[in-house]
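The values are calculated or read from the model by the stated rules, or taken from the named source; none is laboratory data. Computed from a prediction, not measured in an experiment: that's the story for all the values here. Here the Cβ positions follow ideal geometry from the backbone for every residue, glycine too, while neighbour counts run over all protein chains shown. Note: areas computed on protein heavy atoms with side chains; ligands, DNA, RNA excluded. Shrake-Rupley method; radii C 1.70, N 1.55, O 1.52, S 1.80 Å.
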Amino acid sequence: MVQFYRERDSLLHRLDPRVKIIGTTLGIAAIMLYNDPVVLIPLFFVFLLIGAFLGKISIREQMTLLKPLLPIVIITIAVWPLIYKPRLMGVLFGVSFSMRLLTFALLTFLLLATTSQADLILGFVKLGMPHEYGLTISISLRYIPTLYRLAGTIMDAQKSRGWEVEKGNFITRARKMTAVLIPLLVSSLKTAHELSIALESRSFGASPRRTFIREIRMTKGDYVALALTIGLFLLALYARYGLGLGHISIYPR
Amino acid sequence: MIRVKNIHFTYNDREVLRGIDFRMGNEIVALVGQNGSGKTTFAKHLNGLLKPTSGSVEVDGLDTREHTVAELSRLVGYVFQNPEHMFFEENVFREVAFGPKNLGLSEDEIEARVRWALKAVNLEGYEERTPYSLSGGEKQRLAIACVLAMKPRYIILDEPTTGLDARNSESVIETIGRLHSEGHGILLITHDMELVLRMAERVMLLKEGRKVFDGPVEEFFSLELGAYGLDRPELLEASERLGAGFVRSVGELMKKLGGEGVDGAVLP
Ligand SMILES: Nc1ncnc2c1ncn2[C@@H]1O[C@H](COP(=O)(O)OP(=O)(O)OP(=O)(O)O)[C@@H](O)[C@H]1O
Ligand SMILES: [Mg+2]
């Protein structure tokens with residue numbers, strides 16, 4: 001199975017999951033502040049370098065995980081200049097939306113690559129989320145790669161019966177997708193059902209209070225990292241609203 | 001004729017197929033090897049689902065790189081391991097009709113093909129049933145019918161009997177035998193050595209993406225199979241101990257023993 005988590009010894013791996021969850025959330029909020037590629041492009045590379053140096057996830061690995069987004073990026077960059085004038089500005093906005101998408105995916109991926117499933121649940125729960133939700137989120141995240149592969153297999157099976165998505169207009173294409181969506185839904189529901197039986201048979205939810213085998217505690221380093229992240233985010237807020245940097249108006253006044 | 005010439009294939013940096021040559025006509029070839037040896041990856045090259053990184057695959061003269069999977073589906077049928085991965089229609093009839101519809105055939109021709117394919121797998125009378133409501137063996141046979149309705153010359157089956165009970169797998173095996181006698185070339189991917197012994201005429205053995213054996217079944221079972229993580233079928237062990245040599249079925253063993261069993265009892 002394809003997995004996001006890469007077991008390594010790095011600063012990001014050792015960081016408390018709560019700090020990483022907050023950091024990822026703030027990072028995503030920060031990129032939503034800006035729409036100027038002049039800010040967004042360097043920001044993307046900064047996160048890439050953070051992943052490589054602080055998380056020991058090579059740039060190549062990070063790129064491999066972003067690769068599936070390439071078609072969306074290309075479409076975004078191609079479509080904006082068609083619907084927006086002047087065209088050059090359209091290209092600019094296409095680039096800026098793509099960068100946001102890529103950075104969003106990159107941040108999520110870095111969180112998943114440097115935090116084990118158990119730590120991730122623990123982090124969410126300790127941040128105040130009910131543990132059923134914590135488990136739901138982390139299981140869903142874990143199943144994304146599996147689902148991705150399953151969709152690939154189903155598409156292969158249908159292609160072997162002469163199925164082609166590429167043909168036809170939008171409506172025929174959408175209808176053709178049912179050939180993939182229905183088997184995908186059935187298989188996922190089956191997995192979900194099996195999972196619920198597995199959880200129940202291990203008495204999940206039997207007691208309102210729950211014991212965690214592992215405990216996590218914030219170290220001094222974690223507090224420093226948290227302070228640093230919040231500080232950087234405040235700086236980003238100030239740059240955007242105090243100094244008015246990094247924003248281009250899309251709708252001409 | 002399927003001709004595979006020195007194909008290599010790489011999945012993100014990992015070379016999964018490392019130079020395989022292969023030819024196949026109207027025979028039953030078993031494709032065996034340990035988990036991860038590249039069997040499925042190899043088979044996906046034969047109908048163009050994967051294109052080789054280098055080398056070439058030709059099916060009846062068509063180079064798979066120059067044709068879409070849809071075009072090649074008229075020549076090579078691929079029955080996936082899990083039949084549920086293809087079912088999405090409300091009934092069996094429509095499910096089987098899906099492939100021929102994609103080929104753009106006329107209503108009459110589609111109907112004729114569906115009836116014919118369902119008959120070929122012994123599922124007549126199931127037209128109105130929901131695919132998901134069938135038993136394991138019936139689902140597998142329906143999956144075969146779906147592919148058969150494309151009238152392919154060659155049929156690939158990926159572990160068709162895995163997870164089926166004895167009776168269900170028997171019905172699938174029977175179907176495979178029938179297709180072969182009607183002139184289809186069959187590539188059977190399996191871990192079941194009993195099945196190989198019983199059905200295959202030729203065996204190709206893969207190990208870590210390389211072909212380590214390709215030849216008649218009899219020769220295959222004379223290999224030191226343990227070295228490849230495979231077991232010899234009990235029937236062969238028994239027959240050799242009885243001095244009857246290579247046999248492919250209990251019936252054949254009995255015949256070789258002169259129709260006489262223990263205490264001289266005459267066996268069928
Ligand atoms: N979509 C994929 N992406 C990346 N690697 C893959 C993919 N599919 C298969 N592989 C890898 O390629 C190798 C060969 O896999 P393949 O499925 O062809 O083996 P197999 O012989 O069919 O195994 P099995 O007996 O388990 O079905 C394996 O190491 C597998 O992990
Ligand atoms: Mg396989």
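Restricting A:T172, A:T191 to residues that are more than 10 Å from chain B (Cβ to nearest Cβ) and closer than 23 Å to B:V79 by Cβ narrows the list to A:T191. Here B:A112 does not qualify as of a type in the set (G, A, S), surrounded by 17 or more Cβ atoms within 10 Å (Cβ to Cβ) and within 30 Å of B:M1 (Cβ to Cβ). Look through B:G77, B:G55, B:G61, B:G104 and report the one residue that is away from ligand 1 (no atom under 14 Å from the Cβ), touching a strand residue (DSSP E or B) at 6+ places or on another chain (Cβ under 7 Å), open to solvent by 20 Å² or more (accessible area, probe 1.4 Å) and in the same structural domain as B:E128 (by TED's automatic domain parsing). Only one candidate passes the filter, namely B:G55. Screening the range A:28-131 for helices (runs of 4 or more DSSP H) wholly inside it with 3 or more residues that are under 28 Å from A:H247 (Cβ atoms) and aromatic (F, W, Y) returns the ranges A:37-53, A:87-114. Pull up the range B:140-170, narrow it to residues that are touching a strand residue (DSSP E or B) at 6+ places or on another chain (Cβ under 8 Å), part of a loop (DSSP other than H, G, I, E, B) and within 16 Å of ligand 1 (Cβ to nearest atom), then point me to the one that is least open to solvent (accessible area, probe 1.4 Å). Per the stated criteria, the residue is B:P160. The condition of being more than 30 Å from B:E90 (Cβ to Cβ) and either at pLDDT 90 or above or open to solvent by less than 30 Å² (accessible area, probe 1.4 Å) (or both) holds for only one of A:L112, A:L127, that being A:L112. Residue count for the range B:25-56, restricted to those that are under 23 Å from B:I176 (Cα atoms), of a type outside the set (V, I, T) and more than 16 Å from ligand 2 (Cβ to nearest atom): 4. Could we say that B:N35 is open to solvent by 10 Å² or more (accessible area, probe 1.4 Å), within 22 Å of B:G163 (Cα to Cα) and away from chain A (no Cβ under 13 Å) here? Criteria met by B:N35. Can you tell me which residue in the range B:4-32 is farthest from ligand 1 (Cβ to nearest atom), limited to those that are assigned to a strand (DSSP E or B) and within 14 Å of chain A (Cβ to nearest Cβ)? It comes out as B:T10. Here B:V69, B:V4 are screened, and the one residue that is in contact with a Gly (Cβ under 8 Å, 6 or more places away or on another chain) and at pLDDT below 95 is B:V69. Only one of the listed residues (A:I171, A:I121, A:I197, A:I137) is among the β-branched types (V, I, T) and buried (at least 16 other Cβ atoms within 10 Å of the Cβ). That residue is A:I121.
Here the helices (runs of 4 or more DSSP H) wholly within the range B:183-261 that include at least 2 residues being closer than 23 Å to B:G25 by Cβ are B:193-199, B:217-220. So, of the residues in the range B:38-52 that are more than 7 Å from ligand 1 (Cβ to nearest atom) and not in a helix (DSSP H, G or I), which turns out to be most open to solvent (accessible area, probe 1.4 Å)? In this case the residue turns out to be B:K51.
Restricting attention to the range B:109-139, the residues that are touching a Pro at 6+ places or on another chain (Cβ under 8 Å) and among the polar types (S, T, N, Q) add up to 0. For the range B:64-72, the criterion of being among the small types (G, A, S), surrounded by 15 or more Cβ atoms within 10 Å (Cβ to Cβ) and closer than 28 Å to B:K207 by Cα is met by none of the residues. Could you list, in sequence order, the residues of the range A:107-124 that are more than 29 Å from A:L40 (Cα to Cα), among the hydrophobic types (A, V, I, L, M, F, W, C) and in contact with a Phe, Trp or Tyr (Cβ under 8 Å, 6 or more places away or on another chain)? Answer for the range A:107-124, where residues must be more than 29 Å from A:L40 (Cα to Cα), among the hydrophobic types (A, V, I, L, M, F, W, C) and in contact with a Phe, Trp or Tyr (Cβ under 8 Å, 6 or more places away or on another chain): just A:L122.
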